[in-house]
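The numbers here are math on the coordinates, done by the rules we state, and not lab data. If you're wondering where the values come from, they're calculated on a predicted model, not measured in any experiment. Backbone-built Cβ (ideal geometry, glycine too); neighbour counts: all protein chains shown.
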Amino acid sequence: MSDSETEQTAAGTEPVLDGREQHRAAVAALLNVAPEPGVAKPDPILTATGVRRAFGGLVAVDVERLEVQRGTITALIGPNGAGKTTFFNLLTGFDQPSRGAWEFNGRSGARLRSYQVARAGMVRTFQLTKALSRMTVLDNMLIAAPNQIGERLWAGLMPWLWQGQEAAVKRKALELLERFQLLSKKDDYAAELSGGQRKLLEMARALMLDPLMVMLDEPMAGVNPALKQSLLEHIKGLREEGMTVLFVEHDMDMVHEIADWVAVMAAGSLITEGTPEQISADTRVIDAYLGAHHDAAQH
Amino acid sequence: MDWHFVFSQALTQAIGPTMLVYALGAIGLNLQFGYTGLLNFGQAAFAAAGAYGLALGVVAFDLPFWLSILIGLGAAMVLALLLGIPTLRLRADYLAIVTIAAAEIVRRLARSTVWAEWTGGSDGMRGFSETFFELSPFPKDATWSLGFVSMENGRLTVDLWLVDFQYSNRDLWIMTVGWILVAIFLVILRLLVHSPWGRILRGIREDEEALRSLGKNVFAYKMQALVIGGLIGAVAGFVFALSRANVQPDTFTTDLTFYFYVVLILGGAARLFGPLLGAAIFWFLYNLLSQTLNQAVRADLIPDAMLSTTQIGPLVFFLLGLGMVLLLIYRPQGILGNKRELMLDVR
């Protein structure tokens, strides 16, 4: 625990430039990684082994091995029903695996509950955005700050104990809202935001936790084209700050634009990995992913 | 028709002991349902736990009054844990189903003949309130008069010409303690709901999965809300039992829980003063309608063939129910509620 805590503060306070260098180093390291499913990475932040989730007879996820390189943006793609979101839920503690284990930043993750996963530094967003609708945008941000003294029942009765921390949390929230162009909306209810703005809010909210790794479940779903570019820049920004990003996506253009590494799932298992260029050329992917896509389009 | 009497009665009741029971029960419910979104349909059982804890302690086990109060609070806490541990990890509706069933179980146990030796079965218990009333600072035989306020053999009359308020010696003591308790709980709740702790409760009401993804132990917070709301419910049970100087199992039916809900929704859920205002208005209207109809029947303004005195009770509840339906149609947020908040499309 103490290990991950020092890591966490390091990621939070590191100057942007160092983050960029860290990213270049990570990408350079990935250059020599063979495009094979389950291949070992030089510095994995997340290592999943033998993760399997069955719903009755249906095996939704059966991933032999997946490593995610620290400081990179990794895309998880695959046709509908490939098990991407289920895999996401397993890794983030929102679902329990039938068997399997994974390690996040040197810590075993399979036994952790969802809130413990978040506290360990792996924060997720949802495909269907979970903004806290009848709370203000600012409250959505403030609620996410970790280790708040005032969140303890007894301390709630003694405002002088937490008001200092609350002010600091608020400063941080306002900074993030400004960066995500939501500052003017801070007193609006979250339900009054557009779909794209809610995605931005969810991402900004995740950053309140100073995560080591951000898990984005279809960050572009339901976002209008005008906001897409801004959202892409924000995701790149996470990498520049030294965070690791794993995201599920359908949109291949987006994957090409921002992903350093791509893992492809089909029918519950990992069929291949590689850089976006390698993946585009891979016939297995074209068969499994694009083939299925064409089928889907014809229906 | 004696309108002076009708309004005096209704207003006297609107701030009286029974109203305080509704207010306290609904304040507890407000924390659970209003702020956290927990559907506790067993608030009557928490009141019963308090009332029976007190009565059993004093009458059946011969324990001191204050120790029995602690037993009542302890019983409510155990009840909250028993209900919460299996259901709070599940979807909200499971808590609703379990609490409504548990409340009936508690009532059935209280009235069962097996333990009638101690609980008195369906007759309930009396004789546990002496210690409480001995503490009363209001002398039983005081007689004085000061302007429009007068005391006659311990009975207080506040004569405001248009209406007057009248309270017995015991009512005065119950009300003093009851209003102090209401004030204490409102201050505590105000501090809590405006703290980061209260913010988490509201977050849970909106989307508990989102809160889990942000590293919050949702189960622990829901449990805290359930226990605190239940303890306030037990205090409502104390006031209820003491104001009547007896406990009876059949006063703790599901109806009582739903009166708490009516009070809460009428006043405005998730509003600090919602339960208090709701309780005052609910109990004022109940008494106003009852007294008006009673007077009208007695004065032959309403012919006997249309309405007899025994039918007044059900008719009053019918009218209150109709009022509740109209409220939900035209002002679903309650009197103090925030319309803008309720009208948001939260799906």
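Could you calculate the contour length gain from B:ILE180 to B:LEU322, that is, 0.36 nm times the residue separation minus the distance between their Cα atoms, to one decimal place in nm? Walk me through the intermediate numbers first.
Details: separation 142, 0.36 × 142 = 51.12 nm, distance 3.33 nm.
That pair, B:ILE180 and B:LEU322, stretches by 47.8 nm at full extension.
If you take the Cα atoms of region B:262-307, find Rg, then find the Kirkwood Rh from the mean of 1/r over all pairs, what is Rg/Rh? Ratio of gyration radius to Kirkwood radius for region B:262-307: 1.27. Relative contact order of chain A: 28 percent, from C-alpha pairs under 8 Å at least 6 residues apart in sequence. At an R0 of 60 angstrom, the distance between the Cβ atoms of B:ILE188 and B:MET1 translates into a FRET efficiency of 0.85. Of all DSSP bridge pairs formed entirely within the protein assembly as shown, close to 70 percent run antiparallel. For the protein assembly as shown, the equivalent ellipsoid derived from the Cα gyration tensor has semi-axes of 60, 24, 24 Å, listed largest first. Work out the charge dipole of chain A with +1 on the Cβ of Lys and Arg and -1 on the Cβ of Asp and Glu about the Cα centre, then indicate which of A:GLN165, A:LEU91, A:VAL59 is farthest towards its positive end. It is A:GLN165, whose Cα lies furthest towards the positive end. Placing +1 on the Cβ of every Lys and Arg and -1 on the Cβ of every Asp and Glu, with no other charges, gives region A:132-192 a dipole of roughly 120 debye about its Cα centre.
Dividing the C-alpha radius of gyration of region A:143-299 by 2.2 N^0.38 Å, with N its residue count, gives 1.31. The equivalent ellipsoid of region A:34-164 has semi-axes of 33, 17, 15 Å, largest first, where each one is the square root of 5 times an eigenvalue of the Cα gyration tensor. Classify region A:132-192 from the C-alpha gyration tensor, please: rounded if a/c falls under 1.5, else prolate or oblate depending on whether a/b exceeds b/c. Prolate, since a/c reaches 1.5 and a/b exceeds b/c. The mean count of C-beta atoms from other chains within 10 Å of the C-beta of residues in A:104-117, rounded to a whole number, is 2.
Entry note, region B:194-279: relative contact order of 13 percent, from Cα contacts under 8 Å with a spacing of 6+ residues. What the Cα convex hull of chain B gives, in volume per residue, is 163 Å³. Of the trypsin sites (Lys or Arg not before Pro) found in region B:88-157, those in coil by DSSP whose Cβ has at most 16 other Cβ atoms within 10 Å are B:ARG89, B:ARG91, B:LYS140.
With the helix formula -39500 (n - 2.57) applied to DSSP H stretches of n ≥ 4, chain B reaches a computed 222 nm mean residue ellipticity of -21000 deg cm²/dmol.
What average count of beta carbons from other chains do you get within 10 Å of the Cβ of residues in A:122-131? Please list the in-between numbers first.
Numbers: counts 2, 3, 3, 2, 4, 0, 0, 2, 9, 4.
For peptide A:122-131, the averaged partner shielding equals 3.
With a simple spin-label model that places each label point 7 Å from the Cα along the Cα-to-Cβ direction, the separation between A:ASP251 and A:SER280 comes to 1.7 nm. Modelled this way, with points 7 Å down the Cα-to-C-beta line, the labels at A:ARG171 and B:GLU104 are 5.8 nm from one another. A simple rule links phi to the HN-Hα coupling: the Karplus curve 6.51 cos²θ - 1.76 cosθ + 1.60 with θ = phi - 60°, which for region A:236-251 gives 4, x, 4, 5, 5, 8, x, 7, 9, 10, 10, 9, 9, 8, 9, 6 Hz, with x for Gly and Pro.
How large is the helix-only mean residue ellipticity at 222 nm for chain A, computed as the sum of -39500 (n - 2.57) over DSSP H runs with n ≥ 4, divided by its residue count, in deg cm²/dmol to the nearest 500? Computed ellipticity for chain A at 222 nm equals -12500 deg cm²/dmol. Efficiency by 1/(1 + (r/R0)^6): what FRET value for B:TRP144 and B:SER308, r their Cβ-Cβ distance, R0 = 60 Å, to the nearest 0.05? The formula returns an efficiency of 0.90 here.
Taken residue by residue and averaged, Cβ atoms of other chains lying within 10 Å of the Cβ of B:196-205 number 6. For chain B, the relative contact order comes to 32 percent (Cα pairs under 8 Å, sequence separation of at least 6). Given a Förster radius of 45 Å and the C-beta distance between A:LEU31 and A:PHE55 as r, what FRET efficiency does 1/(1 + (r/R0)^6) yield to the nearest 0.05? The pair A:LEU31/A:PHE55 has a calculated efficiency of 0.70. GNM on chain A, alpha-carbon springs under 10 angstrom: the most fluctuating residue among A:ASP260, A:ASP188, A:ASP62 is A:ASP188.
Rounded to the nearest 5, what % of the DSSP beta bridges within chain A are antiparallel ones? Please list the in-between numbers first.
Numbers: 23 of 39 bridges.
The antiparallel proportion sits near 60 percent.
For region B:10-140, what does the alpha-carbon gyration tensor say about shape, rounded, prolate or oblate, given a ≥ b ≥ c as the root eigenvalues, a/c under 1.5 as rounded, and a/b over b/c as prolate? Oblate, because a/c is 1.5 or more while a/b does not exceed b/c. Label sites at B:TYR94 and A:GLU240, each approximated as a point 7 angstrom past Cα along Cα to Cβ, lie 4.6 nm apart. For region A:86-165, applying the loop criterion from DSSP together with a ceiling of 12 other beta carbons within 10 Å to the trypsin sites (Lys or Arg not before Pro) yields A:ARG111.
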